[in-house]
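Structure record follows, encoded as structure tokens.
The values are calculated or read from the model by the stated rules, or taken from the named source; none is laboratory data. Predicted model, so just to flag it, every value in this text is computed and none were measured. Virtual Cβ from ideal backbone geometry, glycine too; neighbours counted across all protein chains shown.
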2 protein chains.
Amino acid sequence: MENEYVKEITSKSQDFSQWYVDVILKAELADYSPVRGCMVIRPYGYAVWENMQKLLDARFKSTGHKNAYFPLFIPESLLKKEAEHVEGFAPEVAWVTHGGQEELAERIAVRPTSETIICSMYSKWIKSWRDLPVLINQWCNVVRWEKSTRPFLRTAEFLWQEGHTAHRTEEDAEEETLKMLEIYRDFVETDLALPVIKGRKSENEKFAGALRTYTIEAMMSDGKALQAGTSHNLGQHFSKVFDITFLDQDGQLKNVWQTSWGVSTRLIGAIIMTHGDDRGLKLPPKIAPVQVIIVPISSQKKDMVLNKAAEIFARLKQDFRLEMDDRDEYTPGWKFNEWEMKGVPVRLEVGPKDIEKHQVILVRRDTGEKISVDESEINSKLKSLLDEIQVNMFRQAKRFMDENTREIEDFEEFKKVIEEKRGFIKTHWCENGDCEKFIKEQTGATLRCIPFEQDAGPGRCIVCGKEANKVVYFAKSY
Amino acid sequence: MENEYVKEITSKSQDFSQWYVDVILKAELADYSPVRGCMVIRPYGYAVWENMQKLLDARFKSTGHKNAYFPLFIPESLLKKEAEHVEGFAPEVAWVTHGGQEELAERIAVRPTSETIICSMYSKWIKSWRDLPVLINQWCNVVRWEKSTRPFLRTAEFLWQEGHTAHRTEEDAEEETLKMLEIYRDFVETDLALPVIKGRKSENEKFAGALRTYTIEAMMSDGKALQAGTSHNLGQHFSKVFDITFLDQDGQLKNVWQTSWGVSTRLIGAIIMTHGDDRGLKLPPKIAPVQVIIVPISSQKKDMVLNKAAEIFARLKQDFRLEMDDRDEYTPGWKFNEWEMKGVPVRLEVGPKDIEKHQVILVRRDTGEKISVDESEINSKLKSLLDEIQVNMFRQAKRFMDENTREIEDFEEFKKVIEEKRGFIKTHWCENGDCEKFIKEQTGATLRCIPFEQDAGPGRCIVCGKEANKVVYFAKSY
Ligand SMILES: [Zn+2]
Ligand SMILES: [Zn+2]
């Protein structure tokens with residue numbers, strides 16, 4: 001009988017970066033590949049993504065969006081049509097120059113994002129106000145040739161969804177932009193248990209080619225911020241360059257107003273970094289590939305225990321994503337560690353004594369609490385317990401974010417806090433990009449967002465001291 | 001009030017090729033893109049693909065397979081490791097040579113298929129017999145730089161799934177290969193209503209790097225064959241080159257046995273070409289994005305009719321994929337043409353007279369039959385009608401295939417039939433690759449498969465006249 005123990009994960013407080021990579025590799029979420037900057041998403045990690053896709057896709061469809069698929073490749077001339085856009089993306093484009101044995105007449109970009117290719121089609125499809133709005137989403141891979149990469153957070157290739165919509169009026173486009181941001185907030189907070197700040201990006205930080213970018217910003221447990229989703233009001237920037245016009249009801253030819261919005265597999269990184277601990281991963285029940293792991297404890301009366309475990313498995317199968325670990329070659333202790341490391345929300349133990357008492361033991365991953373449950377009540381108890389864990393994980397993360405959000409109006413203190421404690425710094429800002437850049441140069445912190453919720457009233461800019469009507473969030477970020 | 005009619009589709013019998021493209025463009029399944037050989041899959045076409053994915057993915061998962069995601073990019077050295085494989089794919093690879101401003105030290109292939117990148121990971125992951133079998137599938141895009149392209153059938157980029165499994169023994173790999181072929185047959189026949197011939201590919205036609213390739217072959221309504229899915233027993237070809245070994249229970253280090261299998265968006269092309277007619281598309285109910293279209297007929301008593309239609313819509317919404325066409329700007333006649341062209345299996349009409357009689361009219365797309373149904377029975381009648389349409393579409397296609405399958409033992413007759421009638425030709429073959437090549441050169445027909453079902457007994461090879469134990473299928477193909 002083999003009897004290994006789960007190999008140690010680096011302590012989170014000791015070396016957060018190494019801990020992050022250890023968790024990913026040991027929980028088998030992903031692995032490094034032979035291709036520079038590209039990772040393999042392993043079945044356990046991909047199952048998390050599939051659960052996320054299902055929950056998000058249902059929200060898109062219930063708000064009238066349809067999925068489509070546009071080409072991976074974008075001719076260089078097309079990518080370069082919108083000036084700001086190409087400036088933002090050109091430095092990190094992967095270029096295809098040869099097809100088979102032939103050199104191509106024009107270089108082709110592997111899509112870093114799809115605004116340009118989609119706009120070229122919209123210009124063909126949209127003719128009349130009756131064609132609007134166009135509400136299309138695409139699930140796909142994109143490539144950005146980044147210098148330094150990190151699994152899930154920043155990889156040369158990643159998976160995402162990108163919504164691209166076209167509207168009749170500026171108001172319609174703004175409404176869509178904010179609607180999708182709210183869908184992201186709801187998804188990320190409800191299903192991933194990640195609390196976020198909702199707001200607008202500054203001019204310096206907005207998407208290349210957008211009129212306005214909105215964002216949800218999350219706080220990782222090392223005090224660094226992570227942009228969890230963005231929604232862009234593109235205005236008419238692209239529709240003018242790509243000539244996307246429609247005949248309005250009033251007989252006038254007008255340019256459409258557009259939006260785009262996306263979230264990616266980097267959200268898996270956010271889940272790991274927000275919820276994980278020294279034992280490993282901690283997955284929110286709503287997206288956990290395995291919500292309940294059944295571990296039979298059978299040093300004696302083995303057949304009886306395995307039969308009972310199988311009976312319980314069969315009974316719960318319909319309602320939960322569950323697995324049974326009845327492997328002979330590992331001890332129960334090893335299995336406990338293993339499944340805790342994989343972040344499974346609830347462990348269900350059943351042994352000879354439990355069977356005598358007609359009960360099972362449920363163990364919570366989030367708190368470690370052990371609960372005896374009567375056999376007849378497993379189903380309903382599990383249901384409420386998973387809900388409770390989901391809510392508790394959000395609450396814990398929210399408390400952490402609140403505790404690491406500091407209102408600071410003095411620049412020296414700002415520097416010290418960013419250096420020593422990180423977290424969000426809420427401060428007044430005069431809306432001048434130079435003050436924002438100064439902070440970035442001096443501290444490495446960037447302006448994460450101008451929150452919708454403005455509760456502090458006017459004050460003075462932390463850099464220049466001028467009157468400032470806005471309170472904003474700064475942080476170091478991923 | 002605008003009152004256009006659906007624009008004409010080229011007649012199928014007159015110009016099959018043009019008819020095919022007309023249907024795709026007019027039904028808005030797909031569109032040409034500004035990128036050479038790449039198409040855009042529009043929402044209506046993508047919804048067909050999503051329905052197909054759901055049905056197929058459920059079959060994969062219920063047989064123990066898990067999804068994962070491997071990189072889009074494959075370093076040239078990796079792609080070139082298995083000799084036959086690279087020979088088969090190198091001529092149609094798109095090459096990335098630059099990342100951002102930098103020229104890459106090694107060219108990178110955009111995956112034409114993922115055996116090599118996946119094998120490089122399996123060699124790292126697989127250590128012991130306990131790790132086997134590995135049963136992984138991937139849904140993704142692949143690129144093959146084809147000279148001449150055709151929407152859905154042959155495009156530079158296409159979407160597919162590729163399964164890649166590793167096993168302990170040759171028998172296990174062969175069992176998996178045949179199991180997946182049977183899953184494809186069941187999916188394609190049951191859900192897409194496409195009858196197929198199941199069999200093995202000849203040595204000349206097998207997958208580059210495989211030991212044996214199995215296939216299901218369908219018959220399009222112009223008499224050309226289409227390879228609808230393939231399943232490969234890779235033997236130990238890749239595991240030896242990529243050093244994928246495991247310690248077996250007997251203490252010996254052994255190479256794994258592998259399989260791979262895939263179907264792609266070309267199946268959408270097969271659906272169009274098998275079922276469509278001069279009115280346009282005809283979609284099997286199981287994968288139709290809209291199964292039922294409600295058309296209110298409201299020249300008089302408009303409010304009453306629209307209310308009744310809305311009431312029926314609400315009642316059916318749970319059980320069917322349905323839409324309501326209550327647009328004012330089109331006549332009922334225009335709408336009938338439009339939705340027939342889009343291949344919706346059933347039209348539900350409701351007008352003032354129907355309401356008086358407490359009934360609705362159902363119109364079948366497959367036969368044109370009109371059926372009056374009592375309002376109280378719409379739900380159950382629709383259910384059975386959709387089932388009936390599904391079965392009838394399969395039956396019609398099967399009859400066509402059978403009528404276009406001819407047993408021929410004389411080569412002159414073979415040439416004449418291929419030239420004038422096409423279809424499948426069933427004939428004896430001596431299993432010599434030269435005879436197979438001779439037929440291809442002389443007639444353009446290829447050996448589609450060596451069917452599992454061998455009902456004809458021995459005979460003489462149609463080319464060389466030598467003894468032949470196998471009857472095989474030849475056809476011109478897509
Ligand atoms: Zn200032
Ligand atoms: Zn012969």
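Odds and ends about this structure:
- Selection status of residue A:243, over 15 Å from the mean Cα position of the chain (by Cα) and at positive phi: yes
- Flag if residue B:134 is at the interface with chain A (Cβ under 7 Å from one of its Cβ atoms) and buried (at least 19 other Cβ atoms within 10 Å of the Cβ): no
- In the stretch A:412-444, the residue that is nearest to residue A:227 (Cα to Cα) out of those that are away from ligand 1 (no atom under 13 Å from the Cβ) and small (Gly, Ala, Ser) is A:423.
- The single condition among (1) over 19 Å from residue A:141 (Cα atoms); (2) modelled with pLDDT of 95 or more that residue A:56 does not satisfy is (1).
- Only residues that are among the hydroxyl-bearing types (Ser, Thr, Tyr) and surrounded by fewer than 24 Cβ atoms within 10 Å (Cβ to Cβ) were counted in the stretch B:252-308, giving 3.
- Filter result for residue A:447 (away from ligand 1 (no atom under 16 Å from the Cβ), more than 14 Å from chain B (Cβ to nearest Cβ) and of a type outside the set (Val, Ile, Thr)): no
- Yes/no for residue B:76 being touching a residue at least 40 places away in the same chain (Cβ under 8 Å) and either facing chain A (nearest Cβ under 8 Å) or of a type outside the set (A, V, I, L, M) (or both): no
- Taking first residues from the stretch B:283-308 that are over 19 Å from residue A:61 (Cβ atoms) and partners that are modelled with pLDDT of 95 or more and of a type in the set (Lys, Arg), the Cβ contacts under 7 Å between residues at least 6 apart in sequence or on separate chains come to B:295/B:335; B:295/B:347.
- Those residues of the stretch B:91-125 which are within 9 Å of chain A (Cβ to nearest Cβ) and part of a loop (DSSP other than H, G, I, E, B), in sequence order: B:93, B:100, B:101
- The strands (runs of 3 or more DSSP E) found entirely in the stretch B:374-462 include none that carry 2 or more residues being more than 16 Å from ligand 2 (Cβ to nearest atom) and touching a His at 6+ places or on another chain (Cβ under 9 Å).
- Number of positions in the stretch A:83-101 that are at pLDDT 90 or above and over 17 Å from residue B:111 (Cα atoms): 2
- Cross-chain or 6+ apart pairs with Cβ under 6 Å, the stretch A:459-478 first and within 12 Å of ligand 1 (Cβ to nearest atom), then part of a strand (DSSP E or B) and of a type in the set (Lys, Arg): A:468/A:460
- Among the conditions (1) in contact (Cβ under 8 Å) with a residue 24 or more places away in the chain; (2) more than 28 Å from residue A:106 (Cβ to Cβ), residue B:125 misses just one, which is (1).
- Members of the stretch A:126-159 found to be at pLDDT 95 or above and either among the polar types (S, T, N, Q) or assigned to a helix (DSSP H, G or I) (or both), listed by number: A:128, A:129, A:130, A:131, A:137, A:138, A:141, A:155
- Of everything in the stretch B:197-227 that is assigned to a strand (DSSP E or B), in contact with a Phe, Trp or Tyr (Cβ under 7 Å, 6 or more places away or on another chain) and among the small types (Gly, Ala, Ser), the residue that is nearest to residue B:421 (Cα to Cα) is B:225.
- Strands (runs of 3 or more DSSP E) wholly inside the stretch B:236-324 containing at least 1 residues that are farther than 23 Å from residue B:378 by Cα and in contact with a Phe, Trp or Tyr (Cβ under 7 Å, 6 or more places away or on another chain): B:245-247, B:253-255, B:257-264
- Residue within the stretch A:160-169 that is more than 8 Å from chain B (Cβ to nearest Cβ), under 15 Å from residue A:255 (Cβ atoms) and not in a strand (DSSP E or B) present: yes
- Filtering A:171, A:176 for residues that are of a type in the set (D, E, K, R) and touching a residue at least 60 places away in the same chain (Cβ under 8 Å) leaves a single hit, A:176.
- For residue B:128, the conditions (1) crowded, with 23+ Cβ neighbours inside 10 Å; (2) in contact with a Leu (Cβ under 6 Å, 6 or more places away or on another chain); (3) more than 9 Å from every other protein chain (Cβ to nearest Cβ) are fulfilled apart from (1).
- Options B:362, B:382, B:316, B:348; residue that is closer than 26 Å to residue A:131 by Cβ, modelled with pLDDT of 95 or more and over 24 Å from the mean Cα position of the chain (by Cα): B:348
- Given (1) surrounded by fewer than 22 Cβ atoms within 10 Å (Cβ to Cβ); (2) outside the structural domain of residue A:269 (by TED's automatic domain parsing), number of the condition residue A:83 does not satisfy: (2)
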